[in-house]
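Here the structure is laid out as structure tokens; the discussion comes afterwards.
The values are calculated or read from the model by the stated rules, or taken from the named source; none is laboratory data. Just so you know, these numbers come straight off a predicted model, no measurement behind them. Cβ placement follows ideal geometry from the backbone for every residue including glycine, while neighbour counts extend to all protein chains displayed. Keep in mind that these areas ignore ligands, DNA and RNA; they rest on the heavy atoms of the full protein, side chains included. Shrake-Rupley method; radii C 1.70, N 1.55, O 1.52, S 1.80 Å.
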Amino acid sequence: MAVTDIRPTAASVLETKAPARARNMGQFIRWLLLFIGGILMVMPIAYMISTSLKWPHEVYNVNLIPEEPTLENYTYVLEDGRFYLWFVNSIIIATITTLSNLLFDSLVGYTLCKFRFPGRQIIFIAILSTLMIPTEMLVIPWYLMSQSFGWLDSYWGIMFPGLMTAFGTFLMKQFFESVPDDFIEAARIDGLNELQIWWTVAMPLVKPALAALAIFVFLGNWTAFLWPLIVTNSVEMYTIPVGLSGFGDEADVAWELIMTGAAISTIPTLVVFLIFQRFIIRGVVMAGLKG
Amino acid sequence: MANLALRNLTKSYGTTKVLHGISLDVADGEFVVFVGPSGCGKSTTLRMIAGLEEVTSGEVVIDEKVVNNLEPKDRDIAMVFQNYAIYPHMSVKKNIAFGLRSSKLSRLEKDARIQEVAGILDMTKLLNRKPSQLSGGQRQRVAIGRAMVRDPAVFLFDEPLSNLDAQLRTQMRLEIKKLHQHVGNTIIFVTHDQVEAMTMADRIVIMKDGRIQQVGTPAEVYHQPANAFVAQFIGAPSMNMLPATLNGAGLELVAGWTIETPLRSDTARAVTVGVRPDDLRLDTGQRLVSGKVAVREPLGPETLIYVETDGGEVIAKADGRTPPEVGQEITLFADPADLHVFDAETGAVLQ
């Protein structure tokens with residue numbers, strides 16, 4: 001029996017080279033674009049950290065590496081009692097708002113998704129349509145409302161507009177659509193009441209959505225600026241973004257201090273993201289395994 | 001004593017009536033299968049028994065108690081769904097235990113009950129697995145376990161086997177039947193598969209367009225179909241239907257011979273003659289029709305032959321070893337006692 005040599009010869013390698021080169025080129029362009037994208041994402045963070053390590057006179061120097069790195073700004077910000085207050089304010093507000101959204105958005109989303117009642121569609125459209133009204137238009141009614149209820153300059157005043165969001169309700173409703181009705185009916189036969197079904201059967205099945213919503217809401221409230229700025233008067237009630245914007249004096253903005261505060265304030269958002277992204281990834285993996 | 005009774009049950013969605021008065025008595029421990037084409041109302045009936053669907057009029061009675069206004073959990077029923085509906089975030093054990101949530105048993109008793117059910121279903125080793133680690137058949141067994149653990153008055157199965165492959169379906173069919181013999185609870189089983197209905201049921205309820213067509217044992221619905229629909233729905237391949245006239249002499253087939261039957265009519269009347277492929281012979285009996293063999297389907301012990309006659313295609317069963325050749329002209333015979341005569345218009349059987 002004749003043996004055929006299947007090893008590549010010089011000629012065959014040359015023949016296959018052209019497509020391989022094109023493939024490499026495509027690969028290169030993809031990597032390049034990703035690299036540029038990555039740089040664009042990282043630069044602001046790098047400058048934030050770099051600026052927080054600079055002396056005031058060096059702030060307008062665009063070098064990424066400070067000439068005389070210092071931790072003086074961190075000492076200043078952390079020793080300044082106000083920053084600590086703002087940090088606590090922000091944590092309280094973002095946490096309560098997040099929990100409130102997880103609870104109420106999913107309750108309303110579940111109801112709109114799984115129950116049939118007259119006016120269901122109209123209610124859903126009414127909720128969705130509020131997404132079209134910009135915040136700038138709402139701050140004046142919110143302010144007047146806070147004023148008449150005596151909520152100005154209080155946690156409640158800062159939090160109330162965001163305790164439930166139309167976006168969150170919509171997101172949860174869409175995710176509950178993926179929960180088969182059979183689960184709910186099986187639970188009904190197993191003797192659970194509607195609230196128990198929502199909590200023990202439906203909620204665990206939409207964990208990835210809850211994680212995504214938690215990240216959105218927490219970040220949104222952590223970085224919120226306009227409304228907290230308007231509704232708060234006393235320095236003790238400021239949140240981090242509002243407080244930081246006030247660093248410096250009328251003549252000059254203390255960028256190095258703002259950047260230091262900003263750098264410290266990214267830590268909780270990172271923690272929240274790192275905690276919840278596991279659920280998102282696990283959710284995706286679980287969905288893939290389901291038969 | 002009837003364990004479950006349906007009394008003139010109807011269901012309407014707005015002005016559309018989907019169930020037109022279903023009445024049925026199910027004895028304690030009976031295995032009843034609802035069968036019919038999709039949209040016939042069999043699942044709706046089951047869901048009304050379960051309490052998942054409101055009753056428009058009529059009564060559902062379980063253990064001599066009208067349960068129309070009771071919540072599903074208070075009806076002493078358990079249901080197995082087509083998509084299993086076992087909770088993916090809970091282990092097998094938790095899933096089965098879920099059925100016991102509302103029971104008043106102590107924790108030890110509950111545990112013993114779960115172990116017992118797991119033993120019956122051969123799932124003891126799988127108790128700590130998550131549903132995603134189970135095969136389709138195992139998942140269905142978990143769903144059955146969750147229903148069994150409550151020891152309900154009535155088990156409801158809503159097409160539980162249709163998501164399984166053919167081999168597994170046959171196996172599960174047998175398992176459910178054995179299970180019924182073992183536990184003895186009343187079972188209402190919904191399916192669109194007439195083979196499932198025939199093989200499992202004590203009694204079959206055949207439905208079409210929201211009406212019961214016939215209720216009877218598998219043998220009854222097969223050998224004495226109440227109308228042309230039942231005759232064609234039950235049995236595979238389905239019954240041949242030949243147009244004919246019933247007159248003083250007997251049955252005069254439009255595309256065949258006249259057959260002498262005890263059934264006569266003074267005035268000529270249009271009828272349909274039904275004959276099962278198994279009842280057609282190639283040599284003995286009364287001559288029925290003749291035609292040319294168009295297709296052969298060898299099944300091993302027998303061969304299905306499709307015969308083209310003037311009255312349309314007729315399916316017959318021939319010997320597996322020496323079936324007629326394709327293209328061969330043959331005559332089909334039958335025993336007049338095996339013929340079913342239906343009114344051509346209403347489809348009702350004529351005795």
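Miscellaneous remarks
- The GluC sites (Glu not before Pro) of segment B:147-249 include none that meets both conditions, a loop assignment by DSSP and at most 15 other Cβ atoms within 10 Å of the site Cβ.
- Per DSSP, loop GluC sites (Glu not before Pro) in segment A:18-103 with at most 16 further Cβ within 10 Å: A:E67
- The DSSP beta bridges internal to the protein assembly as shown are antiparallel in roughly 80% of cases.
- Dipole of the protein assembly as shown, positive direction: furthest Cα of B:V142, A:P208, A:F247, with charges on the beta-carbon: B:V142
- ³J(HN,Hα) computed for each position of segment A:178-193 - Karplus, 6.51 cos²θ - 1.76 cosθ + 1.60, integer Hz, glycine/proline x: 7, 8, x, 4, 4, 4, 5, 5, 4, 5, 4, 5, 6, x, 8, 7
- Globularity ratio of segment A:80-289, using Cα Rg and 2.2 N^0.38 Å: 1.19
- Spatially proximal lysines relative to B:K73 (Cα-Cα < 22 Å; intrachain offsets below 8 disregarded): A:K114, B:K11, B:K42, B:K65, B:K93, B:K94, B:K104, B:K110
- Translational D in µm²/s for the protein assembly as shown (Stokes-Einstein at 10 °C, 1.306 mPa s, Kirkwood Rh from C-alpha pairs): 50 µm²/s
- With Cα atoms, 0 to 90° folded angle of helix B:166-183 axis to chain B main axis: 60 degrees
- For B:A344, net neighbour charge (Lys/Arg +1, Asp/Glu -1) across residues whose Cβ lies under 15 Å away: -2
- Between segment B:1-60 and segment A:75-145, the C-alpha centres lie 47 angstrom from each other.
- Within straight-line reach of B:K317, meaning a Cα separation under 29 Å, sit the following lysines at least 8 residues removed in sequence or on another chain: B:K208, B:K292.
- Under 5 Å, built H, 5+ apart or other chain: amide partners of B:N3: B:V26, B:A27, B:D28
- Shown here are the Rg and Dmax of the Cα trace of segment A:80-143, at 17.1, 56 Å.
- Within chain A, longest stretch free of exposed trypsin sites (Lys or Arg not before Pro) [DSSP loop, at most 12 other beta carbons within 10 Å]: A:117-289
- Potential lengthening of the chain between B:L304 and B:V66 amounts to 80.7 nm, from the contour at 0.36 nm per residue minus the alpha-carbon distance.
- The B-A contact accounts for roughly 1800 square angstrom of buried accessible surface, both chains included, probe 1.4 angstrom.
- Solvent-accessible area assigned to carbon and sulfur over the protein assembly as shown amounts to 59 percent, based on a 1.4 Å probe.
- Against the main long axis of the alpha-carbon atoms of chain B, helix B:107-120 sits at an angle near 30°.
- Applying a DSSP loop filter and a limit of 13 other Cβ atoms within 10 Å to the trypsin sites (Lys or Arg not before Pro) in segment B:242-351 leaves B:R264, B:R321.
- Residue range of chain A that is longest and free of chymotrypsin sites (Phe, Trp or Tyr not before Pro) which are both DSSP loop and sparsely packed (at most 14 other C-beta within 10 Å): A:116-224
- Radius of gyration and Dmax over the Cα atoms of segment B:248-347, both given in Å: 14.2, 46
- q = 0.10, 0.13 Å⁻¹, chain B: log10 I(q)/I(0) [Debye, one scatterer per Cα]: -0.73, -1.01
- Computed E for A:F104/A:E68 - FRET, C-beta separation, R0 51 angstrom, nearest 0.05: 0.50
- Average beta-carbon neighbours from other chains, 10 Å sphere, peptide B:75-87: 4
- Cβ-based net charge around B:A294, under 12 Å, with every Lys or Arg adding one and every Asp or Glu removing one: -3
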